[in-house]
Amino acid sequence: MDILQFTFVAVLVVGALAIVYILAAKPTSGNATLAAMLAGGFGAYTAIQIAQEGVMMFWTNHTVNLTGIQVWWDLVMCVIVALFFIAPRARKVGMNVPLWALFAACTASIGLLAMCARLFWLENHAEAAGGSPAKA
């Protein structure tokens, strides 16, 4: 197994564990630190990928065959669905939703994770202050 195959399997396992945790533990608030670490880690991985393979590889990867296009559609739909669920909470705590949506549209998971980190921090900060998360 080469490093790319190992990385694929590792992400599959960690993703499965995250889904099991969400279903079993039923968390009610997000972890700002974890979301920020994931955004930073995936951002760093993406920077390495761009340095080694170039930005055009994104285009090539998503346009070379039907599978690539299907993955692209899946990514776009996931970003839209995530923003649909995140945006009302983000507005409630006073985040600049159009700017964050632009960031997510340009970077997908990196922007969404960073947006979630900020959202979770604002919500947890407002809750700790004893108030509602409105305009923290």
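Are there any helices in the chain, counted as whole DSSP H runs, that stretch 20 Å or more along their axis by Cα and score at least 0.5 on average by Kyte-Doolittle, and if so which?
3-25, 32-53, 66-92, 109-128
Using a 7 Å offset from Cα along Cα-Cβ at Leu4, what residues in the range 11-44 end up with backbone N under 17 Å from the label point?
Answer for the range 11-44: 11-12.
Carbon and sulfur together cover what percent of the accessible area of the chain at a 1.4 Å probe radius?
C and S atoms contribute 73 percent here.
Quick one: if the Förster radius is 35 Å, what FRET efficiency do Val64 and Thr33 give, using the C-beta to C-beta distance and rounding to 0.05?
Computed FRET efficiency for Val64 and Thr33: 0.40.
D for the range 23-80, whole µm²/s, Stokes-Einstein with Kirkwood Rh over alpha-carbon pairs at 25 °C and 0.890 mPa s: what number?
Rounded to a whole number, D works out at 176 µm²/s.
Write down Rg/Rh for the chain, rounded to two decimals, with Rg from the C-alpha atoms and Rh from the Kirkwood relation over Cα pairs.
1.01
What whole number of Å gives the distance from the Cα centroid of the range 63-136 to the Cα centroid of the range 22-36?
So the separation of the two Cα centres works out to 15 Å.
Please give the peptides 16-26, 101-111, 72-82 ranked by average Cβ packing (other Cβ atoms within 10 Å per residue), highest first, as a rough proxy for protection.
101-111, 72-82, 16-26
For Met77 and Tyr21 in one chain, what is 0.36 nm times their gap in residues minus the Cα-Cα distance, to one decimal in nm?
Gain on stretching Met77 to Tyr21: 17.8 nm.
Quick one: accessible area per residue over the range 1-133, 1.4 Å probe, rounded to a whole number of Å²?
71
Assigning unit charges at the beta carbon (Lys, Arg +1; Asp, Glu -1) and nothing else, what dipole magnitude in debye, to the nearest 20, does the range 1-125 show about its Cα centre?
520
By per-residue mean of other Cβ atoms within 10 Å, what is the highest-first order of 56-63, 8-15?
56-63, 8-15
The values are calculated or read from the model by the stated rules, or taken from the named source; none is laboratory data. Small disclaimer: the values here were computed from a predicted structure and weren't measured. Because the Cβ atoms are built from the backbone with ideal geometry, glycine has one as well, and the counts that use them run over all protein chains shown. Side chains are part of the model used for accessible areas, which takes the heavy atoms of the whole protein and leaves out ligands, DNA and RNA. Shrake-Rupley method; radii C 1.70, N 1.55, O 1.52, S 1.80 Å.
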